[in-house]
Amino acid sequence: MDAVTPPGAGHEAAFRAPIAHIRDYEPGADAEQVAAATGIPFEDVVKLASNENPYPVSPSVLRAIERQFDFLHSYPWEDFGRLKAAVAAANGVPDANVVLSAGSAQLVLNLPLLYVDPGDEVVLAPQSYALYEAASQVMGATLRRVPLKDYRFDIPAIVAACGPRTRIVWLCSPNNPTGAVVTADELERLVTQVPETTAIVVDQAYREFVDEDDYGDPLALLAAGHRNVISLCSFSKAYALAGLRLGYAIADPAVCVMLDRISEPFLLSRPACAAGLAALDDDEWLAASTRTVLEGRALLTRELTALGWDVVPSQGNFVLADTHGDGRALFRRLLDEGVIVRPADGWGYPTHIRVSVGLPEQNERFLAALRRCL
Amino acid sequence: MIGADMLARSFRTAVCDIDFEWPTVNLLDACRQYGLEIDDVAYLAANENPYGPSPKALAAATESLSLARVYPSPSLRYDELRNEYAEVRDALAAYCGVPADMVMPGPGSETVLRYVTQVFVDPGDEIVTAPESYSGHPWACQIMAADVRYVPLRDYRFDIDAFLATVSDRTKMVWLCSPNNPTGTIITDVELRRLVANVPASTVIVCDQAYQELVDDPSWGDATQLLLEGHRNVVVLRTMSKAFGLAGLRMGHAIADPEVCSLIDRIREPYYISGPSCAATLAALDDLDWCREVVRKLQAGRRWVTQQLTELGCTVVPSQCNFVLADTGVAAGVMYDRLLRRGVVVRPGDIWGYDTHLRISIGTDEENRRLVAAMAAALAE
Ligand SMILES: Cc1ncc(COP(=O)(O)O)c(C=O)c1O
Ligand SMILES: Cc1ncc(COP(=O)(O)O)c(C=O)c1O
């Protein structure tokens, strides 16, 4: 018996029908247990569950943020334009190709507002970032779920799933949670076979961690005239600014005008604007931080493989591994050790866990805890 | 290759049909044009609070930067390592005198009000608002393809009779703003109660109270009170951007029935508010004396600017906000330029149909003096 009343059920004002279908978000980890069961202090808990960047934020970024603290009473007008120009320059595109947002997740929520009317379709993979589904459902989309194949987007199946009412194809490359990329060939094939009136969104939140040569670059396709391609980028991952909320889209200028039209006029915080500007100016920090993550990724891949696990080759700052056992049970045992990873059963991988790459000492603590658990 | 027409055809008609652009002031261009230094410009166009936030809020925001690299906890419940959102919710609830489950925080009240429309407004649903009010309300509804009905203000005030005459069973949502941006006028308790009593319970009544802290007229009606008295269709919007001086950090909230809050909770972005915003909000709410002092200064500035502009021959609408709407008798665009040349930026009233009015935010004493001097010179031109 399901005694839980859905939210809104008892209210006189009828809420929109599509809202009822949205699944509740599962937060990163159940850390109550960490505190209660272990008494481990916060500083010592190793959280490798939200694909955050473990590397300390660049000091130049912190200084830039603190300089904003005299102006917090005002909306960030000036820096908004400067940041847009800096993002455009960093991506080799004109300013008109850029839309800024308070985290790329905000763009995920806004894109269906631009494209999806009730009954329109979107194509997505169930083993990908969960917000595509919820955001599309807010606008009453019909979901066409195309499962991954060998942990990778199944491009022929996606093409086959697209019809005249398909408004958005959601791709994530590297994909969260599998870490696999869509290759240049695959992306090209998809873009040339899907109707031009379908938006092809490539979420590139993890693109800075890619070191594979045949990675499909949506910006190249956009430059080649495929105006329905939209790239989403984030400052949360490679730039380690998750807590400040900053992301952006690169798209055709006509798309950008429309996305701006449905964005709040003041959507970024002052600290976020300043941090983004300073972060784009600190290549050395980015190189050092990315190197650390890639080394950690290689280490985790090696060590987990040595345990006899199947580790999906990852291009993100996390690895998905098949433990050949109960992933959620292992997740719980690791919690008792003060280590938080992500169980993967929500994506249909009940024997897997997803581990974000930490600093070397965090990776070691995770591996040590893991050995104790096994 | 895709042509411009094809691309445009991929967008929702509702978005193509939005007939409103947010006013943008490119201050840098304006400075260049008139040879001004940006630091010398008195920017009185966005109803910001020139006194800024409590120093304790700044200290808390600074401290929070040690966590800049990680996401805030996504949950509004206490079940994480850190519980920023839950703590913010509790603090806002205590400040507003409501239970925590009636508070829905968000990154600015603008974003929260968008969530409210996404919960309730289906394509073609009728919503009622005033054309001379905050443009963010009809804009958010247009995105959801609402059928927007406008009921004009009367003598700069919400016309409750006309609202009631327009609202029907088909009305999904009514938008109020009290005190109102851009007029600064309030809806009285008597008016508010009459409206709420006569609108169907199935119609959502959103009352934007962004400027609530600046009110000193005892006849003002607090929609939160009506909500607490059992009018579950009332939704109140509040913000940290005005009296608390935190516009640059983006924090606002809805006060609503717990059911409505949980619906918003369901559609919001998981990590939507920045860490520094949470830290600063908690500290600011812990230092209400600062806010009270700032409000006192802004109210004094409001009285002084009103009196000075009246003496200059303007008709100033009595305001309960940190801005005044003044009829100068000269075309708004012309006056805007004349003031801009003198380094004072205000908001021309023509976007609300007030063709000879300016909306002027209250600044520091020095900024207010500059405004009055510039206005005297501009009117003499
Ligand atoms: C694929 C993907 N896209 C977007 C996001 C959200 O990023 P942001 O912090 O920029 O909103 C995440 C965060 O985990 C992600 O994994
Ligand atoms: C009436 C009203 N509501 C909402 C807002 C937006 O406030 P926030 O900064 O909380 O998004 C404003 C800002 O000017 C306003 O005047």
- Message: Scan the range A:22-37 and tell me whether some residue there is outside the structural domain of A:Thr178 (by TED's automatic domain parsing), over 20 Å from the mean Cα position of the chain (by Cα), modelled with pLDDT of 70 or more and surrounded by fewer than 22 Cβ atoms within 10 Å (Cβ to Cβ).
- Response: no
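Considering only the range A:56-151, give the helices (runs of 4 or more DSSP H) lying wholly within it that have at least 3 residues that are open to solvent by 20 Å² or more (accessible area, probe 1.4 Å) and more than 8 Å from chain B (Cβ to nearest Cβ). Steps first, answer last, please.
Details: elements: A:59-67, A:77-91, A:104-115, A:131-138.
In the range A:56-151, A:59-67, A:77-91 are the helices (runs of 4 or more DSSP H) which contain 3 or more residues that are open to solvent by 20 Å² or more (accessible area, probe 1.4 Å) and more than 8 Å from chain B (Cβ to nearest Cβ).
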- Item | Some residue of the range A:208-215 being free of Cβ contacts under 8 Å to residues at least 60 places away in the same chain, of a type in the set (Val, Ile, Thr) and out of contact with any Phe, Trp or Tyr (no Cβ under 6 Å at 6 or more places or on another chain) | no
- Query: What number goes with the only condition from (1) at the interface with chain A (Cβ under 7 Å from one of its Cβ atoms); (2) modelled with pLDDT under 85; (3) open to solvent by 30 Å² or more (accessible area, probe 1.4 Å); (4) over 25 Å from the mean Cα position of the chain (by Cα) that B:Asp5 does not pass?
  - Reply: (1)
- Message: Quick check on the range A:328-335. Is at least one of its residues over 21 Å from the mean Cα position of the chain (by Cα), assigned by TED's automatic domain parsing to the domain that holds A:Val87 and surrounded by 23 or more Cβ atoms within 10 Å (Cβ to Cβ)?
- Response: no
- List pairs: first in the range B:89-116 and facing another protein chain (nearest Cβ under 10 Å), second more than 13 Å from ligand 2 (Cβ to nearest atom) and open to solvent by 10 Å² or more (accessible area, probe 1.4 Å), Cβ under 6 Å, 6+ apart or cross-chain? B:Tyr115/B:Arg268
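Search the range B:42-66 for residues being among the aliphatic types (A, V, I, L, M), over 19 Å from B:Tyr211 (Cβ atoms) and more than 7 Å from chain A (Cβ to nearest Cβ), and hand back the single one that is most open to solvent (accessible area, probe 1.4 Å).
To start, the set of residues in the range B:42-66 that are among the aliphatic types (A, V, I, L, M) comprises B:42, B:44-46, B:57-61, B:65.
Those left that are additionally over 19 Å from B:Tyr211 (Cβ atoms): B:42, B:57-61, B:65.
In the following step, the residues that additionally are more than 7 Å from chain A (Cβ to nearest Cβ) were identified as B:42, B:57, B:59-60.
Details: B:Ala42: 2, B:Ala57: 1, B:Ala59: 57, B:Ala60: 23 Å².
Of everything passing the filter in the range B:42-66, B:Ala59 is most open to solvent (accessible area, probe 1.4 Å).
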- What is the number of the single condition among (1) in contact (Cβ under 8 Å) with a residue 24 or more places away in the chain; (2) touching a Ser or Thr at 6+ places or on another chain (Cβ under 7 Å); (3) not in a loop (DSSP other than H, G, I, E, B) that A:Ala205 does not meet? (3)
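Looking only at the range B:247-263, filter to residues that are within 16 Å of ligand 2 (Cβ to nearest atom) and farther than 29 Å from A:Gln68 by Cβ; which one of those is nearest to the other protein chains (Cβ to nearest Cβ)?
Initial filter on the range B:247-263 (within 16 Å of ligand 2 (Cβ to nearest atom)): B:247-256.
Then keep just the ones that are farther than 29 Å from A:Gln68 by Cβ; that gives B:255-256.
Values: B:Ile255: 15, B:Ala256: 10 Å.
Here the answer is B:Ala256.
Going by the structure shown, is B:Ser277 open to solvent by less than 10 Å² (accessible area, probe 1.4 Å), under 27 Å from B:Pro131 (Cβ atoms) and within 14 Å of another protein chain (Cβ to nearest Cβ)? Quick ask: steps written out before the conclusion?
Working: open to solvent by less than 10 Å² (accessible area, probe 1.4 Å): yes; under 27 Å from B:Pro131 (Cβ atoms): no; within 14 Å of another protein chain (Cβ to nearest Cβ): yes.
So B:Ser277 does not fit the description; no.
Determine, yes or no, whether B:Asp39 is more than 9 Å from chain A (Cβ to nearest Cβ) and either of a type in the set (Ser, Thr, Tyr) or outside any loop (DSSP other than H, G, I, E, B) (or both). Working first, answer last.
Details: more than 9 Å from chain A (Cβ to nearest Cβ): yes; either of a type in the set (Ser, Thr, Tyr) or outside any loop (DSSP other than H, G, I, E, B) (or both): yes.
Judged against the criteria, B:Asp39 is a match.
Quick check, is A:Pro164 free of Cβ contacts under 8 Å to residues at least 60 places away in the same chain and either of a type in the set (Asp, Glu) or in a loop (DSSP other than H, G, I, E, B) (or both)? Break it down into steps so the answer makes sense when it comes.
Working: free of Cβ contacts under 8 Å to residues at least 60 places away in the same chain: yes; either of a type in the set (Asp, Glu) or in a loop (DSSP other than H, G, I, E, B) (or both): yes.
Yes; evaluated as a whole, the condition is true for this residue.
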- Note on the structure: Here the residues within the range B:265-289 that are β-branched (Val, Ile, Thr) and either within 16 Å of ligand 1 (Cβ to nearest atom) or free of Cβ contacts under 8 Å to residues at least 12 places away in the same chain (or both) are B:Ile267, B:Ile273
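Of all residues in the range A:252-272 being over 14 Å from A:Asn110 (Cα atoms) and facing chain B (nearest Cβ under 9 Å), which is surrounded by the fewest Cβ atoms within 10 Å (Cβ to Cβ)?
Within the range A:252-272, the subset over 14 Å from A:Asn110 (Cα atoms) is A:252-254, A:266, A:268-272.
Right, trim to facing chain B (nearest Cβ under 9 Å) and you get A:252, A:254, A:266, A:268-272.
Values: A:Asp252: 21, A:Ala254: 16, A:Phe266: 23, A:Leu268: 30, A:Ser269: 33, A:Arg270: 29, A:Pro271: 36, A:Ala272: 34.
Of everything passing the filter in the range A:252-272, A:Ala254 is surrounded by the fewest Cβ atoms within 10 Å (Cβ to Cβ).
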- Task: Sort through A:Val210, A:Val202, A:Val229 and tell me the only one that's touching a Leu at 6+ places or on another chain (Cβ under 9 Å) and more than 14 Å from chain B (Cβ to nearest Cβ).
- Result: A:Val202
- Spot the failing condition for A:Glu264; the list is (1) farther than 26 Å from A:Val181 by Cα; (2) in contact (Cβ under 8 Å) with a residue 40 or more places away in the chain; (3) part of a loop (DSSP other than H, G, I, E, B), and only one is missed. (2)
- Hits in the range A:40-55 (condition: more than 9 Å from chain B (Cβ to nearest Cβ), in contact (Cβ under 8 Å) with a residue 40 or more places away in the chain and open to solvent by 10 Å² or more (accessible area, probe 1.4 Å)): A:Ile40, A:Asp44
- Item | Among (1) surrounded by fewer than 24 Cβ atoms within 10 Å (Cβ to Cβ); (2) facing chain B (nearest Cβ under 9 Å) - the single one A:Ala238 does not satisfy | (2)
- Any chance the range A:165-184 includes a residue that's within 15 Å of ligand 1 (Cβ to nearest atom) and within 10 Å of another protein chain (Cβ to nearest Cβ)? yes
- Item | Boolean, B:Val324 is part of a strand (DSSP E or B), under 15 Å from the mean Cα position of the chain (by Cα) and either of a type in the set (S, T, N, Q) or within 14 Å of chain A (Cβ to nearest Cβ) (or both) | no
- Task: Could you grab me the full set of residues in the range B:85-101 that are within 21 Å of the chain's Cα centre (by Cα) and open to solvent by 20 Å² or more (accessible area, probe 1.4 Å)?
- Result: B:Arg89, B:Ala91, B:Tyr95, B:Cys96, B:Gly97
- Message: Between B:Asp169, B:Asp147, B:Asp222, B:Asp217, which is under 21 Å from the mean Cα position of the chain (by Cα), more than 16 Å from ligand 2 (Cβ to nearest atom) and not small (Gly, Ala, Ser)?
- Response: B:Asp217
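The values are calculated or read from the model by the stated rules, or taken from the named source; none is laboratory data. Values in this document were obtained by computation on a predicted structure and should not be read as measured data. A quick note on method: Cβ atoms are made from the backbone with ideal geometry, for glycine too, and the neighbour counts reach across all protein chains shown. Keep in mind that these areas ignore ligands, DNA and RNA; they rest on the heavy atoms of the full protein, side chains included. Shrake-Rupley method; radii C 1.70, N 1.55, O 1.52, S 1.80 Å.
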